[in-house]
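First up is the structure itself, then whatever we jot down about it.
The values are calculated or read from the model by the stated rules, or taken from the named source; none is laboratory data. Computed from a prediction, not measured in an experiment: that's the story for all the values here. Don't worry about glycine lacking a Cβ; one is built from the backbone with ideal geometry, like all the others, and counts go over all protein chains shown. Ligands, DNA and RNA are excluded from the accessible area calculation, which covers all protein heavy atoms including side chains. Shrake-Rupley method; radii C 1.70, N 1.55, O 1.52, S 1.80 Å.
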Amino acid sequence: MNDPERAMLLSVHPRFATAILAGTKTVEVRRQRVAAPPGTPVLLYATAPTMAIVGMARIASVQVASPREVWSASRTSAGISRREYDEYMSGATRASGLSLEGPVAFEAPVPLAALRASGAFHPPQSYRYLTDEDLRKVAAAVPESGATLHGVLSDVVSTQPV
């Protein structure tokens, strides 16, 4: 896949997924370098106890810098305290701040059990890029009531190179 045409699956704690989808958290921080261009679709996987893909957003920009610089730029948008940030970043030499835009909550979240029913599916510890096969598995797991997600997946799959 070309970089600008791939989708990302991002694992986040449920409270962060809720804040991203509400628009109150617009920056997600990671301990490693994230190289994703603006416009990359991001499917949000809420970890336990939710364990489901609950919505999506798009990457507006990515800042890769020292943890101190990323905190400086994102502290009002990251949705975490300085103490939580410092604990998470402990020992990291690089950090990424993913600015997210256009959050959409799915009316029918896709539970992990449904994702696994269509074959082996493993949510990432942090994030991973989705293959065409992954996207087809997600689409197959979406209930008919998940019109929003079906539309998003159709758009993403149709932009994947053949």
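In this rough spin-label picture, where each label sits 7 Å from Cα along the Cβ direction, the A73-M51 distance is 3.6 nm.
Could you rank the peptides 18-26, 88-96 by their average count of other C-beta atoms within 10 Å per residue, with the highest value first?
Values: 18-26: 17.7, 88-96: 15.0.
With the highest mean Cβ count within 10 Å placed first, the list reads 18-26, 88-96.
Dipole magnitude for the range 1-111: about 300 debye, using +1 per Lys or Arg Cβ and -1 per Asp or Glu Cβ, origin at the Cα centre. Taking label points 7 Å from Cα along the Cα-to-Cβ direction, R116 and S90 give a separation of 3.0 nm.
In the assembled protein chains, E69 presents an accessible area of approximately 100 Å² (probe radius 1.4 Å). The accessible-area ordering, largest first, of the residues R58, R116, R33 stands as R33, R116, R58, per a 1.4 angstrom probe. For the range 52-107, with equal point scatterers placed on the C-alpha atoms only and solvent neglected, what are the log10 I(q)/I(0) values from the Debye formula at q = 0.13 1/Å, to two decimals? Results for the range 52-107 at q = 0.13 Å⁻¹ read -0.39.
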